[in-house]
Structures are given as structure tokens and as C-alpha cells.
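The structure under discussion appears below in the form of C-alpha cells.
The values are calculated or read from the model by the stated rules, or taken from the named source; none is laboratory data. If you're wondering where the values come from, they're calculated on a predicted model, not measured in any experiment. Don't worry about glycine lacking a Cβ; one is built from the backbone with ideal geometry, like all the others, and counts go over all protein chains shown. Calculation scope for accessible area: heavy atoms of the full protein, side chains included, ligands and nucleic acids excluded. Shrake-Rupley method; radii C 1.70, N 1.55, O 1.52, S 1.80 Å.
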Amino acid sequence: MRRVTVPIPDRSYEVVVGSGAVGELADLLPERARRVAVVTQPGIPAQFTDVVAHVPGLEVEVFEIGVGEAAKSLATIETLMSSFARMGLTRNDVVVGVGGGMVTDVAGFAAASWHRGIPVVHVSTSLLGMVDAAIGGKTGVNLPEGKNLVGAFWQPSGVVCDLDALATLPAREMRCGLGEMAKYHFLTGDDLLAMELDERIARCVEIKAEVVAADEREGGRRALLNYGHTLAHALEIATDHELAHGEAVAIGLIFAAELGLELGRIDEARVAEHRHVVAGEYDLMMRPPDGLDVDSLVSLMHRDKKALDGLTFVLDGSNGVEVVQGVDEAPVRSALSRFLA
Ligand code: GLY
């Protein structure tokens, strides 16, 4: 079993990574907790949802939320709040989110909101959740007006990444996780490809933990975790979410590399490294689907949450990956035209 600490001052917590890691869940719950509200989804195996059901002295209730982005809503939060009220959940108690990124985002936001904040522990059952969503305390839900518009930073008290959950993960969800994982290959000089999957996941968690501890509320450095995401977010909207997030990130990483080349920040060999990781190692799509046009993608990229001054990208370069504000439209259009051709 591997253990990674997310070293946020006063609120540091452990992430346990490994096969059978869910067996450690009981030890991650706050000692004073008497009630556990498990938030999960239909289809998550009982070996992950029921693990604390028989712990003596704990009253455990399991609440299932809907599947899909539409269920990541304030209505779901309201239903959970009513369930917490009926259960008599207090500030001494704990919410446990068991599932992929959507579940842990919702469970985290419910925990952040209930009685103005109670502890939450996540059991991440998807690769994307393990390397990204369950770590770092971003929680929230969607509005009809956009994704993740309502939320809070609310750090968990512990996270479990049980690799046994990956054995039954649908292929598309696995691909989405690999899309997020691919970005970590370019955030440090580590050779992630030389690592076995458990070590690689733990290293991704460690990289994210270090970035989050340095900039919990995304005042600067945390935005590096959005490498590949500027085009990815635009692609998700332009395809009406036909492209899932991790699939779009994989394509966004290749575009970020090609834009880096266009701007003279990196050379062709570095772009080839991006292609090797994304397509060669992870077998992910590198090109967007047909039918998209430069104008609408550029206009969507202007709406990116990171954009404070014109177009904003996270770009690779001689100083490593960094956030670049105010990128000129001309090179972006030129790289994008070639990319879509
Ligand atoms: N998913 C990026 C972050 O947690 O900041």
C-alpha cells in the first residue's frame, strides 16, 4: 500500500493507494464520528459502498445519487441535505463519497454545505477520480448555465484509491482517466512511463498534492493542473459533451504542444513526446472530431475560467509548464487551423 500526504497546513491528509486500499477506510474516519452518510451511485460495487456498514459503534446510511451530469445538481444536494437531516448527521459525523469524480464532487459539496461544513472522506473508484477529482478539495455541482458553477473548496480528511476498482471500470472511463494522467507526464521531469500503475497513480497524487498545498485556491500555480484544458473545455462544449472530459484533455494536450511549437517555446521532439504518451502509450485520440471550426473554438476558449486577459493557455517551455496570459489570437488560429485540417 502506498500513502501520500497532501500537506496543506493544519488540514493535511493521507491518500492511500493500492489494491484493497478500501480496507483502510475505517482508519481514515474521524474518531469522534458516530454516523456515516455514504454518498454513492447505482452500479458501484458493494465491496466499496458497504465497507464501514458493520463497523461496531457506527450508524451507516447509504444514499444513491443519479448517474450523469444532469444529476450533478442543486436538486441532488437538496435531497442529500434532507436525508442528512432525517439521519441526524452532526458536525462530529462524516460523509463518505464512494464513486468517480462526479460522486466525490457532489459528496464533497454536500459535506461542505451541511451545518456549514462537516468532514468528508472519499473512496475513489475511477482512475480520473484517483489522479484528479478526489484530491485537492474542489467540490461542486452544475447549473443549467454551465458546469461546476456552484461549489466550494473543501478538503477531504482522507482519500482511498483502491486499484481493485479499476478492474471493472468501463473502457471509456479508463480512457478518460488516462487523459488526465497524461498531463502529469509533462508537469515534472519524472519518467512516469517507467513506473508500474500503482506507483504512477501515487506519483500523480503526489504531484497534485504538492501543487494544491502550494496554491489551494488556485491563485496561480494550481492552474498548471489545467495543462491541455483550454482547448479541452472548448471541445466539450462544442461537441455538446459527446467528447468526455478526459478524452478532450488528451486532444487538448496535443494542441497545447503544437501551440507551444508555433510560439517557439518547445521543439518538434517535445511535441513528439506528447504524441508518444497520448497516442503511443495510452492509445488516446489526438485529433478532434470532424465538423468543428476555428472561430467557434476560439470564441469558446475566450470564455475559459482562467482567462483574465485575452486567451490564456498553460504552455510547456524551457522553464517547464506555465500559465501564459494574453496569448495572441493569430498563432492560436494558425495552430488550430492546422490541427483541425
Ligand atoms: N482538476 C484541477 C484541480 O483540481 O485543480
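Expressed as an acute angle from 0 to 90° and rounded to the nearest 10, what is the orientation of the C-alpha long axis of helix 329-340 relative to the principal long axis of the chain?
The two axes meet at around 80 degrees.
Using every alpha carbon pair in the chain, what percent of pairs falls into each 20 Å bin from 0 up to the bin containing the largest distance?
32, 56, 12, 0
Using 0.36 nm per residue of separation minus the Cα-Cα distance, give me the extension gain between residue 341 and residue 12 in nm, one decimal. Working shown, then result.
Numbers: separation 329, 0.36 × 329 = 118.44 nm, distance 4.72 nm.
Net length gain for the segment: 113.7 nm.
I need the calculated FRET efficiency for the pair residue 164 and residue 85, taking r as the beta carbon distance and R₀ as 30 Å, to the nearest 0.05.
Plugging the Cβ-Cβ distance into 1/(1 + (r/R0)^6) gives 0.30.
Considering amide H positions built from the backbone, and no H for Pro or chain starts, which residues 5 or more places from residue 60, or on another chain, come under 5 Å of its amide H?
It is 36, by chain and number.
Which trypsin sites (Lys or Arg not before Pro) from the range 176-234 combine a DSSP loop assignment with at most 11 other Cβ atoms within 10 Å? Each step should come with its number before you reach the end.
Values: sites: 183, 200, 203, 208, 217, 221, 222; in loops: 217.
Sparse-neighbourhood loop trypsin sites (Lys or Arg not before Pro): 217.
For every helix of n ≥ 4 consecutive DSSP H residues, a contribution of -39,500 (n - 2.57) applies; sum these over the chain, divide by its total residues, and give [θ] at 222 nm rounded to the nearest 500 deg cm²/dmol.
Details: 11 runs with 124 residues, N = 341.
So the calculated ellipticity at 222 nm is -11000 deg cm²/dmol.
I want the local charge near residue 62. Using Cβ-Cβ distances under 15 Å, sum +1 for each Lys or Arg and -1 for each Asp or Glu among the other residues.
Numbers: positive: 35, 86; negative: 50, 59, 61, 64, 93.
That sum, taken over residues with Cβ under 15 Å, equals -3.
With every protein chain kept in the model, how would you rank 143, 284 by accessible area, 1.4 Å probe, largest at the top?
143, 284
Take the cross-link list 72/208; 147/183; 72/138 and give me the ones stretching past 18 Å between alpha-carbons.
Check vs 18 Å cut-off fails for 72/208; 147/183.
Given 0.36 nm per residue, what is the gain on full extension from residue 267 to residue 64 after removing their alpha carbon distance, in nm?
Gain in length upon complete extension: 68.2 nm.
In terms of modelled amide H atoms, which long-range or inter-chain residues lie less than 5 Å from the amide H of residue 123?
Close amide H contacts, sequence-distant or interchain: 97, 98, 99, 160.
Between residue 188 and residue 324, how many nm apart are label points set 7 Å from Cα along the C-beta direction?
2.5 nm
Show me the trypsin sites (Lys or Arg not before Pro) within the range 79-123 that DSSP assigns to loop and that have at most 16 other Cβ atoms within 10 Å of their Cβ.
91
At a 1.4 Å probe, what is the % contribution of carbon and sulfur to the accessible area of the range 72-222?
It is 51 percent, rounded to a whole number.
Using the heavy atoms of the protein chains alone and a 1.4 angstrom probe, what is the accessible area of the chain per residue in square angstrom?
With all protein chains present, the chain gives 42 Å² per residue.
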